[in-house]
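Encoded as structure tokens, the structure appears first; notes follow it.
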Amino acid sequence: MKLSQLWAVVILIMFSLVAFSASALAAEVPEISGEAFVLMDAASGNILAESNSTQKWYPASTTKIMTLVLALEGLADGSLSLEDTVVTSSYAASMGGSQVYLYDGETRSLHEMLIAVAVGSGNDASVAVAEHIAGSNEAFVEMMNQKAKELGMKNTNFTNCHGLHDPNHYTTAADMAKLGLYAITVPKMLDYTSIYEYDFRLDPKPLKLWSTNRLLKWYDGVDGLKTGTTSEAKRNLVCTAERDSLRLITVVMGVGEANGHFTQTMKLLNYGFNEYSFKSFYKANEMICSVPVNKGETDEVEAIAEKQVGVTIKKNNKAEITTPLNFNTPLNAPITKGDILGMVQVKEGEKVLAEVDLLANADVAKISLIGQWREILVATMSAV
């Protein structure tokens, strides 16, 4: 072999080793079986991995996430109470599929019905809740579709509140990720979706509800959201988990094998937690700094973060992350507690990764005329 040929072989081997090292360092998204999937960062809503995410598919009982959202929003705005008595209609009692065996005329508190929906995936309980909120299943479905529109679920159409198959009842993995992202912000949602077992009925025949989401026990950090299975939809799961302040949302749809929606979700979560971390800078409501105020009874006001300030980044990302503060100027009294004073940005170089409003932590009244004269007098005396 000539010397030039030998050098060519050596260079080729060196390039091969470099290429192998680079590929070994960059973990690939795992292969996920099923019709579609999404892995989302809950802090930003950014999709970290996906396949066929806009393909229309049947949601099955993941539909009940929207049912729970509307019910829990009613609790939050005071239009509903957990102590409300929910009456089971004959129509609700007639629902087939997954059910908690409500009978015509049976009364339960809204709290118990929500457990029946979230834990037992009761189609009968879902209809009973829908009728209690909207007066009819049809009116509730209108509310569901309106909420979907508000959330930007552009490829979703609901025809019922439970998920039993209807060819016109469809969604996408991307849309369900949007719903999951919103759902985790609704008060009490994760309280209900994290329940694993519940004694729903003692007499005449005991009925213990077990969550259909086995990952509550199988995977550390999982606290929601909902499974969905029909022969047409196969197996779906919208899931969320949090570890070390990093919260992820996953959606898998149309998985064929038994328990496959769980195993495929675990593969996505493993990838997400292995590859990404959440870097926190300030907690929600944490005091960031004091800001000067003009013409106020006090000279400054505390600025606090409206929500947690942080960003999800690749674990091997060595770039410098900065958090510059930007204030609305000038800040003149009066100021009311909760007013937006400015914002804190999270930046990588010039790229803005996140923005969080900075709020006033107290009222600042406008200084009175007498107070202004007093300040002028004090300033004058100090200058003498």
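For the options Glu31, Glu275, Glu142, a Gaussian network treatment of the chain with springs between C-alpha atoms closer than 10 Å singles out Glu31 as fluctuating the most.
Whole-Hz Karplus values for segment 56-66 come out as 5, 8, 8, x, 6, 6, 5, 3, 5, 4, 5 Hz, taken residue by residue from phi with 6.51 cos²θ - 1.76 cosθ + 1.60 and θ = phi - 60°; glycine and proline positions read x.
Quick one: net charge around Ala174, please, counting Lys, Arg +1 and Asp, Glu -1 for every other residue with C-beta under 11 Å from its C-beta.
Details: positive: Lys56, Lys154, Lys178; negative: Glu50, Asp175.
Result for the neighbourhood of Ala174: +1.
Once C-alpha pairs closer than 8 Å and six or more residues apart are averaged by separation and normalised to the residue number of the chain, the relative contact order reads 15 percent.
Neighbours of Glu232, meaning other residues whose beta-carbon lies under 14 angstrom from its beta-carbon, give a summed charge of +1 when Lys and Arg score +1 and Asp and Glu score -1. Put simply, the amide H of Cys289, placed in the peptide plane, has neighbours under 5 Å in Ala303, leaving out anything fewer than 5 places away on its chain. Computed per residue of the chain from DSSP H runs no shorter than four, each worth -39500 (n - 2.57), the mean residue ellipticity at 222 nm is -10000 deg cm²/dmol.
Computed from backbone phi, the HN-Hα couplings of segment 356-368 come to 9, 5, 9, 10, 5, 9, 7, 6, 10, 6, 6, 5, 6 Hz, rounded to whole numbers (Karplus: 6.51 cos²θ - 1.76 cosθ + 1.60, θ = phi - 60°; Gly and Pro given as x).
Please list log₁₀ I(q)/I(0) at q = 0.07, 0.11 Å⁻¹ for the chain, using the Debye equation with identical point scatterers on the alpha-carbon positions. The Cα Debye sum returns log10 ratios of -0.45, -0.86.
The packing ranking of peptides 73-80, 61-68, 50-57, 302-309, highest mean first, is 61-68, 302-309, 50-57, 73-80, where packing means the average number of other beta carbon atoms within 10 angstrom of each residue.
Compactness of segment 55-227 was expressed as the Cα radius of gyration divided by 2.2 N^0.38 Å, which yields 0.96. When you restrict to C-alpha pairs under 8 Å that are six or more residues apart and normalise by the size of segment 55-227, the relative contact order lands at 27 percent.
Listed peptides 276-285, 319-328, 227-236, 184-193 appear in the order 227-236, 184-193, 276-285, 319-328 once ranked by packing, highest mean of other Cβ atoms within 10 Å at the front.
Taken along the Cα-to-beta-carbon direction at a fixed 7 Å, the label points for Leu82 and Thr263 span 3.8 nm.
Built from the Cα atoms of segment 283-369, the convex hull projects on average onto 5.8 nm², one quarter of its surface area.
Read-outs throughout are calculated quantities, based only on the coordinates presented, and are distinct from any laboratory measurement. Given the structure is predicted, the values throughout are model-derived calculations rather than measurements. Cβ atoms come from the backbone with ideal geometry, glycine included; neighbour counts cover every protein chain shown.
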